[in-house]
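Below is one structure, written out as structure tokens, with a few remarks after it.
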Amino acid sequence: MFADRTDAGRRLGELLVEQQVTGDVVLAVPRGGLPVGRAVADALDVPLDVIAAKKLGAPGNPELAIGAVSSDGTVWLNDDLVADLGVSQAYVDEETDRQLDVARAKVETYREGRPPLDLDGLTAIVVDDGVATGATTIACIRGARAAGAERVVLAVPVGPPDTVAELGAEADEVVCLRSPTGFYAVGQFYDSFAQVSDEEAMTYLDEP
């Protein structure tokens, strides 16, 4: 169990140092990824920035992800699910545009006018407080790569084995502290998993 997200980030940072996993920048996924990302960035002594993605909900079932879009417009689709549900291209396009606006607005809010960090040729470490289905995580990994990152590492405290394996095909390297078979939700592995407000999350970007 992790005490809270900061504890998870410290332990994740320690593991990255122990395994000699290096990077040039940490990209944290708002909102819950910011406390984790701050601790990881401090452990590696690298800058912290944000990367956001929103899932594309299925028609009539917004909680079911048929894909995801990152804040830079990079899209990942679960083609098999889209085909099984008979989702039209028109719906995919409309849902993508809608969620892209949300993702872009989030990163713009968090950066408060600051430009994004230049990832060209760098190793980016994408950090969140955990993964479940991995849809938005895939979009974030692809978004970092599309932004110029030469290498993308995913670092998370916890995730189910099947999702971690799937993400291993997307990222150049995956570091996960815990990958238990009895996985139901990310929050079950935290003593404290209170919702992080935008205001609180933004403070982690301000720290040196």
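The values are calculated or read from the model by the stated rules, or taken from the named source; none is laboratory data. Note that the coordinates shown come from a computational prediction; the quantities given were computed from them, not determined experimentally. Counting neighbours? That spans all protein chains shown, and the Cβs are built from the backbone with ideal geometry, glycine included. Surface areas here come from the heavy atoms of the whole protein model, side chains and all, with no ligands, DNA or RNA. Shrake-Rupley method; radii C 1.70, N 1.55, O 1.52, S 1.80 Å.
List of remarks:
- When A124, A201, A144 are checked against the criterion of being of a type in the set (A, V, I, L, M, F, W, C) and under 23 Å from T96 (Cα atoms), a single residue qualifies: A144.
- The number of residues in the range 177-194 that are open to solvent by 30 Å² or more (accessible area, probe 1.4 Å) and either within 15 Å of L12 (Cβ to Cβ) or over 16 Å from the mean Cα position of the chain (by Cα) (or both) comes to 12.
- Residue within the range 35-46 that is of a type in the set (D, E, K, R) and over 30 Å from Q99 (Cβ atoms) present: yes
- In the range 136-147, the residue that is farthest from V25 (Cα to Cα) out of those that are open to solvent by 10 Å² or more (accessible area, probe 1.4 Å) and either part of a helix (DSSP H, G or I) or modelled with pLDDT of 95 or more (or both) is T136.
- Condition broken by D118, with the remaining ones in (1) in a loop (DSSP other than H, G, I, E, B); (2) open to solvent by less than 70 Å² (accessible area, probe 1.4 Å); (3) closer than 30 Å to V158 by Cα satisfied: (2)
- Between G23, G37, the distinction of being part of a loop (DSSP other than H, G, I, E, B) and buried (at least 17 other Cβ atoms within 10 Å of the Cβ) belongs to G23 only.
- Only residues that are within 13 Å of G32 (Cβ to Cβ) and either polar (S, T, N, Q) or modelled with pLDDT of 95 or more (or both) were counted in the range 149-188, giving 3.
- Scanning the range 1-20 for residues that are surrounded by 15 or more Cβ atoms within 10 Å (Cβ to Cβ) and under 29 Å from D120 (Cβ atoms) yields G9, L12, G13, L15, L16.
- Residue match in the range 93-113 (condition: part of a loop (DSSP other than H, G, I, E, B) and either more than 25 Å from M202 (Cα to Cα) or of a type in the set (G, A, S) (or both)): yes
- Within the range 102-126, residues that are within 26 Å of V164 (Cα to Cα) reach partners that are among the hydroxyl-bearing types (S, T, Y) and not in a loop (DSSP other than H, G, I, E, B) with beta carbons closer than 8 Å, at six or more positions or on different chains, in the pairs A103/S70; V126/T137.
- Annotation: of all residues in the range 1-20 being of a type in the set (A, V, I, L, M) and outside any helix (DSSP H, G or I), the one that is modelled with the highest pLDDT is A3.
Condition check ((1) surrounded by 13 or more Cβ atoms within 10 Å (Cβ to Cβ); (2) in contact with a Ser or Thr (Cβ under 6 Å, 6 or more places away or on another chain); (3) at pLDDT 95 or above) across all residues:
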position	(1), (2), (3)
D93	no, no, yes
T96	yes, no, yes
V107	yes, yes, no
Y110	yes, no, no
G113	no, no, no
L122	yes, no, yes
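- Residue match in the range 151-158 (condition: assigned to a loop (DSSP other than H, G, I, E, B), free of Cβ contacts under 8 Å to residues at least 60 places away in the same chain and either touching a Leu at 6+ places or on another chain (Cβ under 8 Å) or not charged (D, E, K, R) (or both)): no
- Scanning the range 40-74 for residues that are farther than 16 Å from A201 by Cα and in a helix (DSSP H, G or I) turns up A43, L44.
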